[in-house]
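Working notes, structure below.
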Amino acid sequence: MSAHGPEERVMVSPRYMAGAGDRFADVLGPLIHLFGWRHDHDPATGTVAIDSPDGSVFVDFRPLHPLGRWVTVTHHEPYWKVSFSRQAPLEAVAAVTQALPQLLGDTRHSDRIPITDTPLDQLADLHDWAAGDEGVLTSPDHYCRLEHTPGEETAWQVEHLFYEHAPLATFTQDAPEVLVRQFFTYLAAPIAVERSFGDLSPSTRQTRSALITPVRPAGVDVELVHALDQILGSPGRRR
């Protein structure tokens with residue numbers, strides 16, 4: 001029997017085990033409210049379509065997508081596309097969508113929206129991901145991997161063992177590598193993210209690879225407690 005109730009807020013690491021979460025406003029909100037991108041909303045389906053001011057980039061949220069690819073970013077001239085599944089952590093998705101204005105030359109709020117220029121191999125080494133043959137980076141627990149296949153239409157793909165039929169993210173051949181770095185930086189970061197326990201997948205709740213600790217009351221350093229739990233092997237870890 002679980003020590004956590006479905007509505008309990010918990011801290012989860014690694015991030016690729018945490019699922020999407022509920023901070024969806026971070027994915028679309030800044031584009032609309034900080035940068036003034038045009039948007040349309042269909043209340044019947046929940047679909048949201050956002051266009052950049054110059055009409056070159058489109059961000060679509062389709063919660064009813066049959067294959068679970070609920071967020072897509074599409075660029076024209078040259079054409080490239082980035083897709084995210086329902087299980088991709090929204091922190092990592094937001095890192096991509098919030099970087100789009102800077103990609104188009106709009107540097108407003110750049111002090112609040114960091115863009116990483118650290119190469120992927122260095123990011124992987126920083127977070128203890130292993131670099132294998134043929135452009136594959138693998139997480140320490142071997143559950144998650146980033147694969148680069150330059151000659152393929154889908155040049156970058158982030159997969160998770162538990163969701164093998166729906167990659168967490170895909171980037172087509174001409175997608176800017178900076179967007180891959182943005183996603184990977186926030187996916188692989190060891191800092192825990194907050195989730196509702198009931199929203200975690202059964203695999204995450206049951207595996208020993210995921211560290212799950214309750215959110216502490218105000219005044220307690222949640223990240224410090226989570227880190228200590230990880231070091232000391234707290235009962236908060238799911239067995």
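The values are calculated or read from the model by the stated rules, or taken from the named source; none is laboratory data. No experiment lies behind these values; they were computed from the predicted model shown. Note: ideal-geometry Cβ built from the backbone for every residue, glycine included; neighbour counts use all protein chains shown. Keep in mind that these areas ignore ligands, DNA and RNA; they rest on the heavy atoms of the full protein, side chains included. Shrake-Rupley method; radii C 1.70, N 1.55, O 1.52, S 1.80 Å.
Residues in segment 1-17 that are of a type in the set (A, V, I, L, M, F, W, C) and open to solvent by 20 Å² or more (accessible area, probe 1.4 Å) were compared, and the one that is nearest to Val57 (Cα to Cα) is Ala3.
Quick grid of which residues meet (1) touching a Phe, Trp or Tyr at 6+ places or on another chain (Cβ under 7 Å); (2) at positive phi; (3) at pLDDT 95 or above; (4) surrounded by 14 or more Cβ atoms within 10 Å (Cβ to Cβ):
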| position | (1), (2), (3), (4) |
| --- | --- |
| Gly132 | no, no, no, no |
| Gly135 | no, yes, no, yes |
| Asp141 | no, no, no, yes |
| Pro150 | no, no, no, no |
| Gln157 | no, no, yes, yes |
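Go through (1) without any contact (Cβ under 8 Å) to a residue 12 or more places away in the chain; (2) of a type outside the set (Ser, Thr, Tyr); (3) surrounded by 19 or more Cβ atoms within 10 Å (Cβ to Cβ) one by one and return the number of the condition Ile50 breaks. The single condition Ile50 does not satisfy is (1).
On the basis of being within 19 Å of Phe58 (Cα to Cα) and surrounded by 15 or more Cβ atoms within 10 Å (Cβ to Cβ), does Leu100 make the cut? For Leu100, the condition - within 19 Å of Phe58 (Cα to Cα) and surrounded by 15 or more Cβ atoms within 10 Å (Cβ to Cβ) - is met. For segment 42-62, the set of residues classified as β-branched (Val, Ile, Thr) and under 19 Å from Asp174 (Cα atoms) consists of Val57, Val59, listed by residue number. Just to be sure before I move on: is Pro78 surrounded by fewer than 17 Cβ atoms within 10 Å (Cβ to Cβ), within 30 Å of Glu152 (Cβ to Cβ) and free of Cβ contacts under 8 Å to residues at least 12 places away in the same chain in the structure I sent? When the stated conditions are applied, Pro78 does not pass them. Figure legend. Inter-residue proximity from segment 130-148: first residues under 19 Å from Phe171 (Cα atoms), second residues open to solvent by 40 Å² or more (accessible area, probe 1.4 Å) and assigned to a strand (DSSP E or B), beta-carbon distance below 6 Å, spacing 6+ or different chains. Indicated pairs: Gly135/His148; Val136/Arg145; Val136/Glu147; Leu137/Ala131; Thr138/Ala130; Thr138/Arg145; Arg145/Glu159; Glu147/Gln157.
Condition check ((1) open to solvent by 20 Å² or more (accessible area, probe 1.4 Å); (2) of a type in the set (Phe, Trp, Tyr)) across all residues:
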residue	(1), (2)
Gly19	no, no
Phe24	yes, yes
Val27	no, no
Gly55	yes, no
Arg62	yes, no
Trp70	yes, yes
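Of all the residues in segment 163-186, those that are touching a strand residue (DSSP E or B) at 6+ places or on another chain (Cβ under 9 Å) and without any contact (Cβ under 8 Å) to a residue 60 or more places away in the chain number 1. Please indicate, with yes or no, whether at least one residue in segment 87-105 is part of a helix (DSSP H, G or I) and hydroxyl-bearing (Ser, Thr, Tyr). Yes, there is a match, as at least one residue in segment 87-105 is part of a helix (DSSP H, G or I) and hydroxyl-bearing (Ser, Thr, Tyr).
The residue that is nearest to the chain's Cα centre (by Cα), counting only those in segment 129-146 that are among the small types (Gly, Ala, Ser) and outside any strand (DSSP E or B), is Ser139.
Taking segment 35-46 as the range and being modelled with pLDDT of 95 or more and either touching a helix residue (DSSP H, G or I) at 6+ places or on another chain (Cβ under 7 Å) or open to solvent by less than 90 Å² (accessible area, probe 1.4 Å) (or both) as the test, the residues that pass are Phe35, Gly36, Trp37, His39.
Out of the residues in segment 187-196 that are surrounded by fewer than 21 Cβ atoms within 10 Å (Cβ to Cβ) and within 17 Å of Leu90 (Cβ to Cβ), which is nearest to the chain's Cα centre (by Cα)? Across segment 187-196, the extreme among qualifying residues is Ala189.
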